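Please read the structure below before turning to the comments.
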Amino acid sequence: MERQPETHGAAAGRIHWPQPVAAGHDSPPLTIASHDKQRKKTVLIDFVVIRHSAEHNIILGRTALLKLGAVPSTMHGILKFDTPAGPVTVLATPPRELQCFTVMKPVEMTKETKKPRRDPAKGKEVINEEYPDQPISIGHNLPGHVREAVVGLLKRYKHIFAWTPTDMVGVDRKVIEYKLAIKPGTKEVKQKRRVQGGDRNRAINAEVAKLAEAGIVREAVFPTWIANPVMVRKQDGSWRMCIDFSDLNKGLS
């Protein structure tokens, strides 16, 4: 099975196709089983054996997949099919191991298999001593010398980070300003004020005061749209202020 492609000039070469050394016309049985050998399926498949170095041990075509009743997913590297004893899942192994597939049982999530919850404060480093309440998250699995190098680099260039809202000003409004495309005839919505709890209300007042001091927001006396703030708890226990734009989003074209 040697085929010559069309030649175009002196640079054209020859393609040597893999040459079959044996062809199975007796349909030898193929059995695929789970790792515990309790669930398996056997079908008769016609094989063509070639002398060729390849990453895969076996390649199943559409006919074989149809006989197995299998559903493959190349993107996820998985093959599943049913057997009388239950379903079988075949997962692709890493290419460096030079094996095509391995049969594995899906892992059931239990208290023992669940990953322990990480401490939110673990892996954080204070980069700017003037703002100790704003630590930076750094991978806690990094080797010690790598971690020290990363922290040192961040501290050396801490002046380029925005530590307060006032550090974020200076961008021309022509660059960041835009107008919302509201559907014609849309009625303005003024949400009814939602009463916030004590700690939430204090967090809202503090956040608005910071934004107003930096000139990012300003007071509107007669607004046509009013949306309530929504407070979301962070992992460290503090509050993040968001805005409920659900009514405004309905009016966008």
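The values are calculated or read from the model by the stated rules, or taken from the named source; none is laboratory data. All of these numbers come straight from a predicted model, not from anything done at the bench. Using ideal geometry, Cβ is built from the backbone for each residue, glycine included, and neighbour counts are taken over all protein chains shown. Side chains are part of the model used for accessible areas, which takes the heavy atoms of the whole protein and leaves out ligands, DNA and RNA. Shrake-Rupley method; radii C 1.70, N 1.55, O 1.52, S 1.80 Å.
Before moving on, here are some points about what is shown:
- Residue list for the stretch 209-239, filter: β-branched (V, I, T) and over 27 Å from D133 (Cα atoms): V221, T224, I226
- Among the residues of the stretch 151-193, those identified as surrounded by 11 or more Cβ atoms within 10 Å (Cβ to Cβ) and over 34 Å from the mean Cα position of the chain (by Cα) are T186, E188, V189, K190, Q191.
- Within the stretch 194-215, considering residues that are assigned to a loop (DSSP other than H, G, I, E, B) and of a type outside the set (G, A, S), the one surrounded by the fewest Cβ atoms within 10 Å (Cβ to Cβ): V195
- In the stretch 61-74, the residues that are free of Cβ contacts under 8 Å to residues at least 40 places away in the same chain form Cβ pairs under 8 Å with partners that are part of a helix (DSSP H, G or I), at six or more places apart or across chains, as follows: P72/L65.
- Out of I182, I204, one residue alone is among the aliphatic types (A, V, I, L, M), in contact (Cβ under 8 Å) with a residue 12 or more places away in the chain and closer than 30 Å to K124 by Cα. It is I204.
- Looking at the stretch 1-80, the strands (runs of 3 or more DSSP E) lying wholly inside it that each contain 3 or more residues that are open to solvent by less than 100 Å² (accessible area, probe 1.4 Å) and at pLDDT below 75 sit at 20-23.
- First in the stretch 29-50 and under 17 Å from A70 (Cβ atoms), second anywhere and part of a loop (DSSP other than H, G, I, E, B) and of a type in the set (V, I, T), Cβ under 7 Å, 6 or more apart: L30/I45
- Note on the stretch 216-253: residues that are open to solvent by 60 Å² or more (accessible area, probe 1.4 Å), over 29 Å from the mean Cα position of the chain (by Cα) and touching a residue at least 40 places away in the same chain (Cβ under 8 Å) amount to 2.
- For the stretch 54-91, a residue qualifies if it is aliphatic (A, V, I, L, M) and either farther than 14 Å from L30 by Cα or touching a Lys or Arg at 6+ places or on another chain (Cβ under 7 Å) (or both), and the qualifying residues are A54, L68, A70, V71, M75, I78, L79, A85, V88, V90, L91.
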